Amino acid sequence: METKRLLIRGFKPEDWEDLHEYLSQEEVVKYEPYGVFDEKASRDEALRRSTDHAFWAVCLKDTGKVIGNLYFQQQEPEPFRTWELGYVFNSQFQGKGYAVEACIRLLEYGFGELQIRRVAAHCDPRNSPSWRLLERLRLRREGHFLQTGYFKTDADGQPMWHDTYAYGVLGQEWLVSRRESAEKEQG
Ligand SMILES: CC(C)(COP(=O)(O)OP(=O)(O)OC[C@H]1O[C@@H](n2cnc3c(N)ncnc32)[C@H](O)[C@@H]1OP(=O)(O)O)[C@@H](O)C(=O)NCCC(=O)NCCS
């Protein structure tokens, strides 16, 4: 898939260096269920993702550099046609609109070509860049769930519970809002 500035494609094993650049950044994995990756883990992950169609590498068209990834996975049961959206971007390439540009293209593909019905996404309420992105994408905050889980323990070994914001949007409403903003842009 292409956008003005980006190419969105499947992962290749040789993407490991670009993947490592951002999965080794503390601030990037802060709200993820894993810690920073070392080189070996990044090589293994690029290889694993090269056969996992849920992960999409987001590359700069100009240079081919992988600057982040999207995650788009069908949820069970299949007839519900609900997909989960996720994203992780290199901190050097945040705040430039790349994540929103890539996600819009993926949602167009999902609601258009794949004919899916609903997209859901979840994030930690403290991760404001993440929920601000979801709101820019026109997903609706549908719930705030308290202490849904933990990824880390504190110095005493006690769980550090986190809350979860649940976001969602239906294809029919997303396509209407896209059409309206395209019409506005054309004046
Ligand atoms: C969540 C994440 C992908 C959001 O990335 P992002 O770069 O903030 O998102 P966007 O692409 O929407 O960029 C928007 C920002 O770029 C700015 N921007 C600059 N040029 C722009 C352009 N051409 N178009 C749109 N926005 C542009 C916007 O003003 C906005 O800035 P602001 O955040 O100061 O308001 C990123 O913070 C990230 O990877 N975090 C680490 C991983 C993570 O937590 N993932 C989510 C787990 S739930």
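The values are calculated or read from the model by the stated rules, or taken from the named source; none is laboratory data. Just so you know, these numbers come straight off a predicted model, no measurement behind them. Neighbour counts run over all protein chains shown; Cβ positions are idealised from the backbone, glycine included.
Below are the figures for this structure:
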read-out: Flag for LEU106 being modelled with pLDDT of 95 or more, assigned to a helix (DSSP H, G or I), surrounded by 17 or more Cβ atoms within 10 Å (Cβ to Cβ) and touching a strand residue (DSSP E or B) at 6+ places or on another chain (Cβ under 8 Å); value: yes
read-out: Among the candidates GLY149, GLY157, GLY171, residue that is of a type outside the set (Lys, Arg) and under 18 Å from the mean Cα position of the chain (by Cα); value: GLY171
read-out: Filtered residue count, the stretch 102-139, keeping only those that are in contact with a Gly (Cβ under 7 Å, 6 or more places away or on another chain) and away from the ligand (no atom under 16 Å from the Cβ); value: 4
read-out: Boolean, ALA99 is closer than 23 Å to VAL29 by Cβ and not in a strand (DSSP E or B); value: yes
read-out: Among (1) in contact with a strand residue (DSSP E or B) (Cβ under 6 Å, 6 or more places away or on another chain); (2) farther than 17 Å from THR3 by Cα - the single one PRO79 does not satisfy; value: (1)
read-out: Criterion violated by VAL88 - all others in (1) within 8 Å of the ligand (Cβ to nearest atom); (2) without any contact (Cβ under 8 Å) to a residue 24 or more places away in the chain; (3) not in a helix (DSSP H, G or I) satisfied; value: (2)
read-out: Odd one out for ASN90, checked against (1) touching a helix residue (DSSP H, G or I) at 6+ places or on another chain (Cβ under 6 Å); (2) within 26 Å of GLY143 (Cβ to Cβ); (3) of a type outside the set (A, V, I, L, M, F, W, C); value: (2)
read-out: VAL88 out of contact with any strand residue (DSSP E or B) (no Cβ under 7 Å at 6 or more places or on another chain) and either within 14 Å of GLY68 (Cα to Cα) or exposed (fewer than 15 other Cβ atoms within 10 Å of the Cβ) (or both); value: no
